[in-house]
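J.: Have a look at this one.
The values are calculated or read from the model by the stated rules, or taken from the named source; none is laboratory data. Quantities reported herein were computed from a predicted structural model and do not represent experimental measurements. A quick note on method: Cβ atoms are made from the backbone with ideal geometry, for glycine too, and the neighbour counts reach across all protein chains shown.
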Amino acid sequence: MQKYVYIETLGCQMNKSDTERILGMLSNLGYDAVDNEKDADLLIINTCNIRQLSADKAYSQLGYWGKLKKNKPSLKIGMCGCVAQQDKELVRRRAPYVDFVFGTLNIPALPDIIKKVEDGEQVIAIEKNPILRDEEDGRIIRAKSLNAWIPIIDGCDYFCTYCVVPYVRGRQRSRNWEQIIKEAKDAAKQGFKEITLLGQTVDSYGRDQSNPDINLANLLKELSQIDEILRIRFLTSYPTDISDDLIDTVASIEKVSECFHIPMQSGSDEVLKNMKRRYTRAEYLDICKKIRDRVENVTITSDFIVGFPGETQEQFEETLSVIDEAQLDYSNTAAYSPRRQTPAATWKDRFISNDVKKERLRILNDKVKASSKISNEKYIGKTLEVLVEEHDAKNKEGIMTGRTRNNKVIHFAGSLDMVGTLVNVKMNEALDWCLKGEIVN
Ligand code: SAH
Ligand code: SF4
Ligand code: F3S
């Protein structure tokens, strides 16, 4: 009998990539993916724990699913991802109707877990030590049709004082080089045109291995040999792990896209120190300058947190000013959210009130919007290479959406048969978050 699974995925690309692998494993067990939870026999929520809001979202979704189960007792409900890894047994108390919980380090064990669940067992599978990804059976059901995500590092070793990731994803493990190349070649064979290499500190790839030639720059060079792949991206970069060789590789290897995502988190040295980030404002600015000097038309994007414990108004303003000084093209923003197990969560006497955090976030978001528009305006009149992705969902028929090499979203008149091809687009109009243009030859 055909069985159906619905997976709700919260969080970053790493989680989305995990979902693709989970769907692959489940398809080997006879489950087809459906996009409506009402049609499913199995519901799984892949959770994100980065802020309280994301963790709360997971539990409220589970609450809704619990109600569905009351009307359909055969329904099986599972929880995985970064909340599952930290909450373990707690899930059973908060959502007792959940049939199985598995951690980020347990994905390879999923087939065994599902068999037990199908036999009526309740399973809580949370490992401390990772079961290596490379032991997975390899089937991946990818969400996108042009871009394939390929994780190259799991976990993180940095332990920034606000961040839950090292506690829920474990220590840094670089994936096996050959396995990555094989996965990229498989994606190319299946028609993918772009690959995005993923890691929390993607630029430290290979540091946990003995061979110094195993590094991101060399991996990019090797992957660029795959004919069918037109573009290669990588994220997220840790500022001080960006080597000169990596910058030169981005500058010189045609297929490697000219964009760096380099979260800075704060423009204030004092806050950076308290966050245990390993660079100063001046060092971050130097890295940006070095990249801009060497890589033409490069995009540099960032992440910032406002309202970190003890952050003063002046320190917050240093974050605003660094956006201009570094000429950042775009930034993700968030208000600080205390996370269990992390040092900063215990600094309660220095917590910033919600009202102040909200106001700082609003001001920062306005700044980011302005910086994004300034960045887009730089390209008016220029012609850029665009990979055509899809019909523009919001606009009328005949308007296509694509991305430039440096990750700008572009809308232009075109047709569906262009999807997956490269076209040259002249930029005519800059909006806040994207550009409009026309195809030229
Ligand atoms: N590895 C990346 C970031 C991963 S988490 C890096 O080192 O920068 C993604 C983003 O979530 C972070 O860049 C940070 O801006 C935000 N974030 C992480 N923990 C947070 C917290 N406790 N509160 C608010 N935002 C947080
Ligand atoms: Fe979190 Fe810091 Fe690791 Fe990024 S580098 S995942 S912010 S601990
Ligand atoms: Fe969230 Fe886990 Fe990613 S906490 S941001 S899904 S690594």
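J.: Mind telling me which of the residues Lys128, Lys115 ends up being part of a loop (DSSP other than H, G, I, E, B) and more than 16 Å from ligand 3 (Cβ to nearest atom)?
T.: Lys128
J.: Could you check Asp213 against (1) farther than 30 Å from Pro343 by Cα; (2) within 16 Å of ligand 3 (Cβ to nearest atom); (3) in a loop (DSSP other than H, G, I, E, B) and say which number it fails?
T.: (2)
J.: Identify all residues within segment 70-110 that are outside any helix (DSSP H, G or I) and within 16 Å of ligand 2 (Cβ to nearest atom); write none if there are none.
T.: Those that are outside any helix (DSSP H, G or I) and within 16 Å of ligand 2 (Cβ to nearest atom): Gly81, Thr104, Leu105.
J.: Still on this model: Just to be sure I understand, how many residues within segment 280-309 are within 14 Å of ligand 1 (Cβ to nearest atom) and touching a Phe, Trp or Tyr at 6+ places or on another chain (Cβ under 9 Å)?
T.: 9
J.: Let me ask something else. Can you list residue pairs whose Cβ atoms sit under 8 Å apart, with the first residue in segment 162-179 being assigned by TED's automatic domain parsing to the domain that holds Thr47 and over 24 Å from Phe308 (Cβ atoms) and the second being more than 9 Å from ligand 2 (Cβ to nearest atom) and assigned to a loop (DSSP other than H, G, I, E, B)? Count only pairs 6 or more apart in sequence or on different chains.
T.: Matching pairs, first to second residue: none at all.
J.: Right, Glu258: touching a residue at least 24 places away in the same chain (Cβ under 8 Å), out of contact with any strand residue (DSSP E or B) (no Cβ under 7 Å at 6 or more places or on another chain) and either within 11 Å of ligand 1 (Cβ to nearest atom) or among the charged types (D, E, K, R) (or both) or not?
T.: No: the conditions fail for Glu258.
J.: Continuing with the same structure: Can you confirm whether segment 242-264 contains a residue that is within 16 Å of ligand 3 (Cβ to nearest atom), more than 24 Å from Lys367 (Cβ to Cβ), assigned to a helix (DSSP H, G or I) and aliphatic (A, V, I, L, M)?
T.: Within segment 242-264, not a single residue is within 16 Å of ligand 3 (Cβ to nearest atom), more than 24 Å from Lys367 (Cβ to Cβ), assigned to a helix (DSSP H, G or I) and aliphatic (A, V, I, L, M).
J.: Looking at (1) away from ligand 3 (no atom under 16 Å from the Cβ); (2) surrounded by fewer than 20 Cβ atoms within 10 Å (Cβ to Cβ), which is the only condition Val5 fails?
T.: Val5 satisfies all of (1) away from ligand 3 (no atom under 16 Å from the Cβ); (2) surrounded by fewer than 20 Cβ atoms within 10 Å (Cβ to Cβ) except (2).
J.: Okay, next question. Go through segment 179-218 and count every residue that is of a type in the set (S, T, N, Q), in contact with an Asp or Glu (Cβ under 9 Å, 6 or more places away or on another chain), within 19 Å of Ser237 (Cα to Cα) and away from ligand 1 (no atom under 16 Å from the Cβ).
T.: Adding up the residues that qualify gives 2.
J.: Of Thr9, Thr19, which residue is within 22 Å of Gln86 (Cβ to Cβ), at pLDDT 95 or above and within 16 Å of ligand 1 (Cβ to nearest atom)?
T.: Residue meeting the stated conditions: Thr9.
J.: Continuing with this model, one more query. Would you check if Asn428 is touching a Cys at 6+ places or on another chain (Cβ under 9 Å) and not aromatic (Phe, Trp, Tyr)?
T.: No: the conditions fail for Asn428.
J.: Filter segment 235-273 for residues that are away from ligand 2 (no atom under 12 Å from the Cβ) and among the acidic types (Asp, Glu) and give the result.
T.: Of everything in segment 235-273, those that are away from ligand 2 (no atom under 12 Å from the Cβ) and among the acidic types (Asp, Glu) turn out to be Asp244, Asp245, Asp248, Glu254, Glu258, Asp269, Glu270.
J.: Failed condition for Ser372, given (1) more than 26 Å from Lys193 (Cα to Cα); (2) modelled with pLDDT under 95, with all others met?
T.: The failed condition is (2).
Yes/no matrix, rows are residues, columns are (1) at pLDDT below 95; (2) within 15 Å of Lys367 (Cα to Cα); (3) assigned to a loop (DSSP other than H, G, I, E, B):
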position: Tyr284; (1), (2), (3): no, no, no
position: Phe308; (1), (2), (3): no, no, yes
position: Glu311; (1), (2), (3): no, no, yes
position: Thr319; (1), (2), (3): no, yes, no
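J.: Checking the condition at pLDDT below 95 and within 26 Å of the chain's Cα centre (by Cα), which residue from Ala109, Ala95 passes?
T.: Only one candidate passes the filter, namely Ala109.
J.: Only one of (1) within 30 Å of Glu178 (Cβ to Cβ); (2) charged (D, E, K, R); (3) touching a residue at least 24 places away in the same chain (Cβ under 8 Å) fails for Asp112. Which number is that?
T.: (3)
J.: Take segment 66-91 and flag every residue that is over 26 Å from the mean Cα position of the chain (by Cα) and more than 17 Å from Tyr167 (Cα to Cα).
T.: Hits for segment 66-91 are Gly66, Lys67, Leu68, Lys69, Lys70, Asn71, Lys72, Pro73, Ser74, Leu75, Lys76.
J.: Being hydroxyl-bearing (Ser, Thr, Tyr) and surrounded by 12 or more Cβ atoms within 10 Å (Cβ to Cβ) is the filter here, so list the residues in segment 31-63 that pass it.
T.: Of everything in segment 31-63, those that are hydroxyl-bearing (Ser, Thr, Tyr) and surrounded by 12 or more Cβ atoms within 10 Å (Cβ to Cβ) turn out to be Tyr31, Thr47, Ser54, Tyr59.
J.: If I go through segment 156-185 residue by residue, how many of them are of a type outside the set (D, E, K, R), in a helix (DSSP H, G or I) and under 17 Å from the mean Cα position of the chain (by Cα)?
T.: Within segment 156-185, residues that are of a type outside the set (D, E, K, R), in a helix (DSSP H, G or I) and under 17 Å from the mean Cα position of the chain (by Cα) number 3.
J.: Being loosely packed, with under 14 Cβ neighbours inside 10 Å and either within 16 Å of ligand 3 (Cβ to nearest atom) or under 23 Å from Thr346 (Cα atoms) (or both): is that true of Gln313 here?
T.: Yes; evaluated as a whole, the condition is true for this residue.
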